[in-house]
Structure formats: structure tokens, C-alpha cells
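Trainee: Have a look at this one.
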Amino acid sequence: MSQPDRSRPDRDGPLLTQRAALVFLLAALAGAGATVLAALAGNPWPVAVSVGGGAAGSAVLFFKEIIG
């Protein structure tokens, strides 16, 4: 009886679709931009990172609906 080949997984597909990768890329760029702008406006870094995280979360929802 032969052993199954365990060197390769059963599925060789991508982990993310191109649409999902594009949505997450644009969301990351929007979050980074919001973080930088909030920091340049004089906010402390923890506040700026919180602003960027909120912007990235909102951007995921926005770009998911726009890119279709």
C-alpha cells in the first residue's frame, strides 16, 4: 500500500483572491495615510494609530462595496 504524498497540500490555490488582496492593500494605504496625517496634525502617536485603525476598518467596508 503506497503512502500519500504529504509534501504538497491538497489545494494549491491562492490564500486570497485578487479582489480581497486589492481591498486589503487599499485599506492599509488609507489607514497609513490617516495615521500620518493625524500625527502631523499634532496628535500623540497612540491617538494617530487609533485614527488609522479606524480608517482602515472603514476602508475595508468601503472598498469591498466599491470594487466588485
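Trainee: Considering only residues that are in a helix (DSSP H, G or I) and over 20 Å from Phe63 (Cβ atoms), look in the stretch 39-52 and name the one that is most open to solvent (accessible area, probe 1.4 Å).
Mentor: First pass over the stretch 39-52, keeping only residues in a helix (DSSP H, G or I): 39-40, 45-52.
With the extra rule that they be over 20 Å from Phe63 (Cβ atoms), the set shrinks to 39-40, 45-50.
Working: Ala39: 25, Leu40: 140, Trp45: 158, Pro46: 95, Val47: 65, Ala48: 0, Val49: 86, Ser50: 82 Å².
Looking at residues that are in a helix (DSSP H, G or I) and over 20 Å from Phe63 (Cβ atoms), I get Trp45.
Trainee: In addition: If you check every pair at least six apart or on different chains, which have Cβ atoms under 7 Å apart with a residue in the stretch 48-63 that is farther than 13 Å from Leu25 by Cβ first and a residue that is of a type in the set (Val, Ile, Thr) and surrounded by 15 or more Cβ atoms within 10 Å (Cβ to Cβ) second?
Mentor: Ala48/Thr35; Val49/Thr35; Val51/Thr35; Gly52/Thr35
Trainee: Taking the stretch 22-38 only, how many residues are among the aliphatic types (A, V, I, L, M) and surrounded by 15 or more Cβ atoms within 10 Å (Cβ to Cβ)?
Mentor: Within the stretch 22-38, the first condition is being among the aliphatic types (A, V, I, L, M), and the residues that meet it are 22-23, 25-30, 32, 34, 36-38.
Of the ones still in play, those that are also surrounded by 15 or more Cβ atoms within 10 Å (Cβ to Cβ) are 23, 26-27, 30, 34, 38.
Total satisfying the criteria: 6.
The values are calculated or read from the model by the stated rules, or taken from the named source; none is laboratory data. Keep in mind it's a predicted model, so treat the numbers as computed, not measured. For neighbour counting, all protein chains shown are included, and Cβ atoms are generated from backbone atoms with ideal geometry for every residue, glycine included. All accessible areas refer to the heavy atoms of the entire protein, side chains included, with ligands and DNA or RNA removed. Shrake-Rupley method; radii C 1.70, N 1.55, O 1.52, S 1.80 Å.
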